[in-house]
Every structure is written in C-alpha cells, then in structure tokens.
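Asks: Just passing along the structure, written as structure tokens.
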Amino acid sequence: MTSQTQKNWQPVIILGLLALCVILFWQLVLAKAGQTQTATEQDTQAGSQQTWEWKLVTTWPKNFPGLGSAAVNFAKLMDEMTDGRFQVKVYGAGELVPALGVFDAVSSGSAEAGHGAAYYWKGKIPASVFFTSVPFGMNAQEMNGWLHYGGGLELWRELYAPFNIVPFAGGNTGVQMAGWFNKEINTIDDLKGLKMRIPGLAGQVFNRAGGSSINIPGGELYTSLQTGVIDATEWVGPYNDLAFGFYQVAKYYYVPGWHEPGATLELIINKKAYEALPDDIRAMVDTAARMANQDMLDEYTARNNSALQELIEKHNVQVKSFPKPVWKELETIAHQVYAEESEKDADFKRVYEHYEAFREGARNYHLISEKAYYDLQE
C-alpha cells in the first residue's frame, strides 16, 4: 500500500473509531439510566409496602352509639384509603387508659391518637373549652365554619403544640339537651344545692347559679344518678340518652341544651407520629378526620327525633323547657364567667375574643337565613 493510499484511509478509520466511541458512550448512559430507574422503582415499591399500626384511645365506652362512631369511622377510612396498610386499633374508655387519661396518653406517645372532648382538659388549657362548646355559644354549623374557615383550628393547634398534640374536629352532636332531672326547674333557686354532672364552663356557670357541678365519665352516669351521687345529669341528646336508659332513673327531660349548643368532639394525634407520616398518608389522615367529623353530625340529625319519640311515647318521659327567666339568668352568669376567666388567662381572652367575633357574624346571617326560614314555617 502506497503512502497516498494510507492517507486516503486515515479519515475513514478515524470516523469509525469516533462512531465506536459514541456507541460505547450511549450504551454506558443507557445502562446507568436503567440502573437508576430500577432503583427508583424499588424505592417506590418499598414505600408502597410500608405499613402503620396506631392505637387510638377514647373517652367513650366501647362501640358507644354516636360519640363512639367517629373513632371507628376514622379507623375504617384509613384502612380503606391505604388498602389495609394503615391500621388503627380503637380502645374504649378504660381498656388501655382511663376515660380522662386520653390527652396525656397521646401527649406522651403511648397512644398515637385519641378521641374525646377538648373541654375535659380545661385544667391544663383553660381556653380549650371553646373548641368543644360553651354556654350560649355557636351551633354545629357555626363551629365547623369557625374551625375550618375562620381561623379557629389554627388557634387550637397553637394551644396544643406545647403538649406534642395536633387536634382535629372529630364530630359534632348538634344542639344537646339540657339534661335529666328528678325535680322541676321553675326558678333559678331550684338549681341551688343540686348536684349535676355538667362539665366545662357550663359547670362553672351552674356552680355560680347555686348548683354543684360534678365531672363524671359517661359510663358511670346511670349508676350515679340511680344511687343519688348526682341529682341530675346532662349527656348528649335523645339518641345517646335513650341508649343509656336515663329514662329509668330520672323523670324530667329538659330541652334545649343551653350549655352545649353545638358540641365539637376532637380527634387528637401525637405530633411526632403525625409528622413522621409521608405527605400522601398525612393527607389521608386529614381527609379521614374531616369525613368522620361530618358523619357524626349527620348521624345525630338522622337518629335524634325517632329516639325522642320513643322516649315520649314508649317510656312516658316528660319533656320540659327552662322558663325564660331561668334561661336569661344563666346567660348573664355565663358572660360574667367569660369576663373573669379572660382576666386570669391571656390565651383564654384571645380565643374568646376571636370566637365571639366569628359567632356574632355567623349569628347575624343566620337570623335572616336559618332562623327566618324556620319562623316562616310556623
């Protein structure tokens, strides 16, 4: 081969080598991409197989109608939405912790979640009462509006943060009944000396009116009323009160509940447990809590009237209302208590002012909407 021929072949050889290098380079790139994709798929598959097992303790008896439904519904929803990967075991009052030990159990992390009522913890957090219900306060519809769109939930979480707890609205009973009595209440003096199970700020109002408030878990109410430990009790409304059999140990059923016009229950979650969840699972927790909250109110709306009719027609319960002067006197006392508590605790004052501002706006609208609608049907 002549030198001239060699020169003619050199460009071809160089181009061939370059092409070979390009081919080898892309094979390496594709191989690396395949390895990365496989690793990502493995990570995703591993994440999708992660499971959780939570304990949820409640202040209610096991499988209690109405109040106990939210915790069970929350557990069921989490199971369904995660295809069984998120399991919540619900414990009734006394099974794992005492009825009023729920807050401390969730705070410490011995249980990941709990269900109860915020006003049970007023000894720890005086302002917590506003996140259940206060005398002459907001109804269920207004409470849900305040919590979810009026800034109430943010205040609630701020108050619970030092206790390592994230609260959610966990159901609502709607307007409760004023309670079961073995004597008629005709004047404010008829409350003097009366021992009544009535918690929260309502208990303070009752004390100021001359009565004696006692905080007893729901499971002990029937026996306490039967044996005379208490003279009267409020609980919830016809649906629950019928199930508890209060008609067997008390004669008069007073309506409506001045003390709890829209009682919000709470689902509380240990903050560390909540923040450890992946974003998608945490979103499911939020959604399940919101759904369980609304479902409880729906159930009470559907069940209360038929239960009331059974109490009246089958068990001869006498339904009564407090005379207007008694109602007004209790309302006056309630606002005195709010003013005094506001002077004692800055958080109480801050939450109370926020609550009242929202309540006033919601009330003004409901006077020309909800109330006006019912008035025109009379």
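The values are calculated or read from the model by the stated rules, or taken from the named source; none is laboratory data. Source: prediction; values computed, not measured. Every residue, glycine as well, gets a Cβ built from its backbone with ideal geometry; the counts of neighbours run over all protein chains shown. Accessible surface areas use protein heavy atoms only, side chains included; no ligands, DNA or RNA. Shrake-Rupley method; radii C 1.70, N 1.55, O 1.52, S 1.80 Å.
Asks: Given the condition open to solvent by 10 Å² or more (accessible area, probe 1.4 Å), aliphatic (A, V, I, L, M) and either modelled with pLDDT of 95 or more or not in a loop (DSSP other than H, G, I, E, B) (or both), answer yes or no: does some residue in the range 142-156 qualify?
Replies: Yes, that holds for at least one residue.
Asks: Just one of (1) over 27 Å from the mean Cα position of the chain (by Cα); (2) surrounded by 19 or more Cβ atoms within 10 Å (Cβ to Cβ); (3) not in a helix (DSSP H, G or I) trips up Glu260, so point out which.
Replies: (1)
Asks: Continuing with this model, one more query. Taking Ser224 and the conditions (1) within 21 Å of the chain's Cα centre (by Cα); (2) free of Cβ contacts under 8 Å to residues at least 60 places away in the same chain; (3) not in a loop (DSSP other than H, G, I, E, B), which numbered condition does it fall short on, given that it satisfies the others?
Replies: (1)
Asks: Select from the range 76-93 the residues that are among the small types (Gly, Ala, Ser) and surrounded by 15 or more Cβ atoms within 10 Å (Cβ to Cβ) and list them in ascending order.
Replies: Within the range 76-93, Gly92, Ala93 meet the criteria.
Asks: Hey, another quick one. If I ask for residues that are open to solvent by 10 Å² or more (accessible area, probe 1.4 Å), within 22 Å of Tyr247 (Cβ to Cβ), not in a loop (DSSP other than H, G, I, E, B) and not acidic (Asp, Glu), which ones from the range 184-203 would you list?
Replies: Lys195
Asks: For the condition of a type in the set (A, V, I, L, M, F, W, C), within 23 Å of Tyr352 (Cα to Cα) and surrounded by 19 or more Cβ atoms within 10 Å (Cβ to Cβ), what is the one hit in Phe181, Phe246, Phe206? Show your work before the answer.
Replies: Working: Phe181 fails: within 23 Å of Tyr352 (Cα to Cα); Phe246 fails: within 23 Å of Tyr352 (Cα to Cα).
Answer to the check: Phe206.
Asks: Please enumerate the residues belonging to the range 360-373 that are open to solvent by less than 40 Å² (accessible area, probe 1.4 Å) and touching a residue at least 60 places away in the same chain (Cβ under 8 Å).
Replies: Ala362, His366
Asks: In addition: Please list, ordered by first then second residue, the pairs with beta carbon atoms under 9 Å, 6 or more apart or interchain, first in the range 167-193 and under 10 Å from Val236 (Cα atoms), second open to solvent by 40 Å² or more (accessible area, probe 1.4 Å) and assigned to a loop (DSSP other than H, G, I, E, B).
Replies: Going by the 9 Å Cβ cut-off, the qualifying pairs are Gly174/Asn139; Val175/Asn139; Val175/Pro256; Gln176/Pro256; Met177/Pro256; Ala178/Pro256; Ala178/Ser321.
Asks: Which residue pairs have Cβ atoms closer than 8 Å, lie 6 or more positions apart in sequence or on different chains, and pair a first residue in the range 194-219 that is over 19 Å from Phe136 (Cα atoms) and among the basic types (Lys, Arg) with a second residue that is open to solvent by 40 Å² or more (accessible area, probe 1.4 Å) and at pLDDT 90 or above?
Replies: Every condition considered, the pairs that remain are Lys195/Ser212; Lys195/Ile214; Lys195/Val229; Lys195/Asp231.
Asks: Follow-up question, since we're still on this one. Applying the selection to the range 227-248, what residues are in a loop (DSSP other than H, G, I, E, B) and either touching a strand residue (DSSP E or B) at 6+ places or on another chain (Cβ under 8 Å) or on the phi > 0 side of the Ramachandran plot (or both)?
Replies: Those that are in a loop (DSSP other than H, G, I, E, B) and either touching a strand residue (DSSP E or B) at 6+ places or on another chain (Cβ under 8 Å) or on the phi > 0 side of the Ramachandran plot (or both): Gly228, Val229, Ile230, Asp231, Glu234, Trp235, Gly245.
Asks: Starting from residues that are touching a helix residue (DSSP H, G or I) at 6+ places or on another chain (Cβ under 6 Å) and surrounded by 22 or more Cβ atoms within 10 Å (Cβ to Cβ), keep the ones in the range 98-111 and report whichever is nearest to Ala202 (Cα to Cα).
Replies: Per the stated criteria, the residue is Phe103.
Asks: Mind checking whether some residue in the range 235-243 is open to solvent by 60 Å² or more (accessible area, probe 1.4 Å) and of a type in the set (Asp, Glu)?
Replies: No, the range 235-243 contains no residue that is open to solvent by 60 Å² or more (accessible area, probe 1.4 Å) and of a type in the set (Asp, Glu).
Asks: Follow-up question, since we're still on this one. When both residues are 6+ apart or on different chains and their Cβ atoms are under 6 Å apart, which pairs have a first residue that lies in the range 324-339 and is closer than 12 Å to Pro135 by Cα, and a second that is open to solvent by 70 Å² or more (accessible area, probe 1.4 Å)?
Replies: Ile333/Arg208
Asks: When only residues in the range 309-323 that are in a helix (DSSP H, G or I) and touching a residue at least 24 places away in the same chain (Cβ under 8 Å) count, which is nearest to Gly257 (Cα to Cα)?
Replies: Per the criteria, the residue is Leu311.
Asks: Looking at the range 204-218, is at least one residue within 11 Å of Ala232 (Cβ to Cβ), assigned to a helix (DSSP H, G or I) and either among the acidic types (Asp, Glu) or at pLDDT 95 or above (or both)? Steps first, please.
Replies: Of the range 204-218, the ones within 11 Å of Ala232 (Cβ to Cβ) are 206, 211-214.
From what is left, the residues that are assigned to a helix (DSSP H, G or I) are 206.
Still in the running and either among the acidic types (Asp, Glu) or at pLDDT 95 or above (or both): 206.
Checked the range 204-218: at least one residue is within 11 Å of Ala232 (Cβ to Cβ), assigned to a helix (DSSP H, G or I) and either among the acidic types (Asp, Glu) or at pLDDT 95 or above (or both).
Asks: Does Ala93 count as modelled with pLDDT of 90 or more and either among the charged types (D, E, K, R) or assigned to a helix (DSSP H, G or I) (or both)? Steps first, please.
Replies: On the way: modelled with pLDDT of 90 or more: yes; either among the charged types (D, E, K, R) or assigned to a helix (DSSP H, G or I) (or both): no.
No, not satisfied.
Asks: Further question on the same structure: Show the residue pairs meeting these rules: Cβ distance below 7 Å; 6+ apart or different chains; first residue within the range 67-87 and at pLDDT below 95; second residue hydroxyl-bearing (Ser, Thr, Tyr) and surrounded by 18 or more Cβ atoms within 10 Å (Cβ to Cβ).
Replies: As it stands, the answer is Gly68/Thr58, since those pairs meet every condition given.
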